[in-house]
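Following: one structure in structure tokens, then a few remarks.
The values are calculated or read from the model by the stated rules, or taken from the named source; none is laboratory data. Worth saying up front: this structure is predicted, and the values here are computed from it rather than measured. Quick reminder, even Gly has a Cβ in these numbers, built from the backbone with ideal geometry, and neighbours come from all protein chains shown. Just so you know, the surface numbers come from the protein's heavy atoms only, side chains and all, with ligands and any DNA or RNA stripped out. Shrake-Rupley method; radii C 1.70, N 1.55, O 1.52, S 1.80 Å.
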Amino acid sequence: MLAMQYEVTLPADYDMGVIRHRVATRGAGTDAWPGLALKAYLVRERGVGGSTVNAYAPFYLWNTTEGMNDFLWGTGFRGVLSDFGRPVVRQWTGLGFEPGPAFGAPPVTAARRVWLSPADADPAADIAAALARIRTGAHSAGVHSVALAIDTSRWQLVELTLLGTALPELPEDSRVQYYQVLHLSAPGTTDLRAGQQWP
């Protein structure tokens, strides 16, 4: 499993209806993308769910490197390039995936938590603790799924939780950001291995 995200920050007065229309008319284009486990079409809207910015920030889980490469270097990413320029595309190696009780229903909210593994921490123990947390969190009511991944160039972990519940009216902190889910493409979730991503 590979995780990937790019975030396009938009002007404060940007009409987010443009993004909603974009997703409504183009989102189905990844509903059968080979090698894609899921793509959550995420947005942050200024003043909603604690967000101070407008942003378009799709998050992907890939089953295959080939599918991700075909998206980035083929037709999939060209619309982003032509409409927004070339954003930074972040990638993380998958560590774990847990479906939740709402896995069969479309999610409406996402919570993304990003943090660094402390330099003096045992990375294996730190990851084991994070995996235990997502296993527990995935059992909570309203949870669609939880994924955990890592960028070892910075020892940065990312945890994405998809939820069937509305955005909380809470301020964001430095590690958690909330998003609205406009559409979920999930062509390969049945091929996405549950649990930790190694024997």
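Comparing TRP73, TRP92, TRP155 in a Gaussian network model of the chain, where Cα atoms under 10 Å apart are tied by springs, the biggest mean-square fluctuation is seen for TRP73. Just the protein heavy atoms count here, and of the accessible area of the stretch 55-187 at 1.4 Å, carbon and sulfur take up 56 percent. Think of the chain as a dipole: +1 on every Lys or Arg Cβ, -1 on every Asp or Glu Cβ, centred on the Cα centre; then among HIS21, MET1, SER51, HIS21 lies furthest on the positive end. Summing Cβ point charges (Lys, Arg +1; Asp, Glu -1) relative to the Cα centre of the stretch 9-48 gives a dipole of roughly 80 debye. Remark: the stretch 54-71, residue by residue, has Karplus-estimated 3J(HN,Hα) of 9, 7, 10, 9, x, 10, 10, 10, 10, 7, 9, 5, 4, x, 5, 5, 4, 5 Hz, where x stands for each Gly or Pro and the curve is 6.51 cos²θ - 1.76 cosθ + 1.60 at θ = phi - 60°. Exposure check, 1.4 Å probe, all protein chains in place: ARG20 carries approximately 90 Å² of accessible surface. Taking only the C-alpha atoms of the stretch 65-134, Rg followed by Dmax gives 16.8, 43 Å.
In summary, the stretch 9-144 shows an alpha-carbon radius of gyration equal to 1.18 times the 2.2 N^0.38 Å reference for compact globular proteins.
Take every pair of alpha-carbon atoms less than 8 Å apart whose residues are at least six positions apart; their mean separation over the length of the stretch 22-166 yields a relative contact order of 22 percent. Each of LEU192, THR152, PHE77 was scored by the projection of its Cα onto the charge dipole of the chain, and the greatest displacement toward the positive side belongs to PHE77; charges sit on the C-beta of Lys, Arg, Asp and Glu. In a simple Cβ point-charge model (Lys, Arg +1; Asp, Glu -1; nothing else charged), the chain has a dipole of about 220 debye relative to its Cα centre. Ordering PRO118, VAL108, LEU131 by the projection of their Cα atoms onto the charge dipole of the stretch 9-135, which places +1 on the Cβ of Lys and Arg and -1 on the Cβ of Asp and Glu, puts VAL108 at the extreme positive end.
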